[in-house]
Amino acid sequence: MAYVNITASETGGNTGSCAQLANYLEKENQKLGKKELWFDQGRDDLIPDEVKYGIDHNVAKLKKTEAKFYLINISPSGKELDHIGNDPQQLKRYAREVMKAYAENFNKGLSEKDVKYYGKIEYHRYYTHEDSEVKEGLRKRGEVKEGNHMHAQVIVSRKTADNGRLISPMTNHRGSNAGHSQKFGQFDRLDFTDRCEKAFDQTFSYERELTETFKYRKVMLNGSAHQRADMIISERELQVKQIQKQARILEQNKRENKELTQPVESKPKQEQQQKKDYRPSF
């Protein structure tokens, strides 16, 4: 399943300018000579200065000590990346769907147009001081990790795009009724994860296996013994169904191949004799 995580910032604080974070996310352009531009709801050609200005000037009535922005990391699994052909444009498409789910998850009647955000595609992960390979001296800090690690980083403003309402994904506040929730908002991070998973599946017609689902992971990590047992039974039942389906497909393929390779049978003798005895009348 895709890993979608919301944090304050990869560079530390988020109570001031986003310039430090935006500059940090330019690291691949600097290290690898890339010219990857930023994107939002409708553009793919934004430069870092536009990102900094957009976030830093959308902070009306926020105090100096209050958060001004958040960072959303969108990292599809290797299997999911393969499914979209490792295409950065498709990853941008998914990131926009994630931000649509982000807006809707506040339950304030917001759409993706109400959220001010800027995203950037990154193609690699890098070793840090926390990695065991670095600690053991096998790798150096900052070296590129092996494998396909394409992901998206999104800086999102704490204020709505019109610089009006506060929207914080760090609150799990649940209103006591619909009117209360509409006024104060709520952000259920578990629900957000589920929305992101469904967005990928629906957008790209992805048939997700049970073991890839957020539901499976949640139950196996935090469910009761009874819930885990039920999930294991469901997993085995699906495996049996998959084996049966593959067997049926294999049998169908065998029949079709046999029909294709079988020689054309000669026509019935009676039909051949009728043609032989046929005499045209004049």
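The values are calculated or read from the model by the stated rules, or taken from the named source; none is laboratory data. Just so you know, these numbers come straight off a predicted model, no measurement behind them. Backbone-built Cβ (ideal geometry, glycine too); neighbour counts: all protein chains shown.
Numbers below:
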read-out: Condition broken by residue 72, with the remaining ones in (1) closer than 27 Å to residue 200 by Cα; (2) surrounded by fewer than 19 Cβ atoms within 10 Å (Cβ to Cβ) satisfied; value: (2)
read-out: Residues of the stretch 56-104 classified as within 22 Å of residue 190 (Cα to Cα) and polar (S, T, N, Q), total; value: 3
read-out: Residue in the stretch 87-94 that is within 16 Å of the chain's Cα centre (by Cα), in the same structural domain as residue 18 (by TED's automatic domain parsing) and not in a helix (DSSP H, G or I) present; value: yes
read-out: Any hit, the stretch 57-65, residues being in the same structural domain as residue 203 (by TED's automatic domain parsing), in a helix (DSSP H, G or I) and of a type in the set (A, V, I, L, M); value: no
read-out: Checking residue 75 against (1) of a type in the set (Ser, Thr, Tyr); (2) touching a residue at least 12 places away in the same chain (Cβ under 8 Å); (3) closer than 14 Å to residue 40 by Cα, the condition it does not meet; value: (3)
read-out: The stretch 125-138 residues that are basic (Lys, Arg), paired with ones that are assigned to a loop (DSSP other than H, G, I, E, B) (beta carbon under 6 Å, 6 or more apart); value: 125/145; 125/149
read-out: Any hit, the stretch 111-130, residues being of a type in the set (Asp, Glu), at pLDDT below 95 and either assigned to a loop (DSSP other than H, G, I, E, B) or farther than 29 Å from residue 16 by Cβ (or both); value: yes
read-out: Among the residues listed as 221, 190, 238, 260, the single one being surrounded by fewer than 16 Cβ atoms within 10 Å (Cβ to Cβ) and in contact with a Leu (Cβ under 6 Å, 6 or more places away or on another chain); value: 238
read-out: The stretch 139-166 - residue that is among the hydrophobic types (A, V, I, L, M, F, W, C) and either part of a helix (DSSP H, G or I) or in contact with a helix residue (DSSP H, G or I) (Cβ under 8 Å, 6 or more places away or on another chain) (or both) and, of those, nearest to residue 32 (Cα to Cα); value: 150
read-out: Any hit, the stretch 82-93, residues being β-branched (Val, Ile, Thr) and in contact (Cβ under 8 Å) with a residue 40 or more places away in the chain; value: yes
read-out: Subset of the stretch 68-85 [assigned to a loop (DSSP other than H, G, I, E, B) and at pLDDT below 95]; value: 77
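So that you can scan it fast, the table gives a plain yes or no per residue for (1) modelled with pLDDT of 95 or more; (2) closer than 27 Å to residue 61 by Cβ; (3) more than 20 Å from the chain's Cα centre (by Cα); (4) not hydrophobic (A, V, I, L, M, F, W, C):
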| residue | (1), (2), (3), (4) |
| --- | --- |
| 1 | no, no, no, no |
| 7 | no, yes, no, yes |
| 18 | yes, yes, yes, no |
| 28 | no, no, yes, yes |
| 31 | no, no, yes, yes |
| 39 | yes, no, no, no |
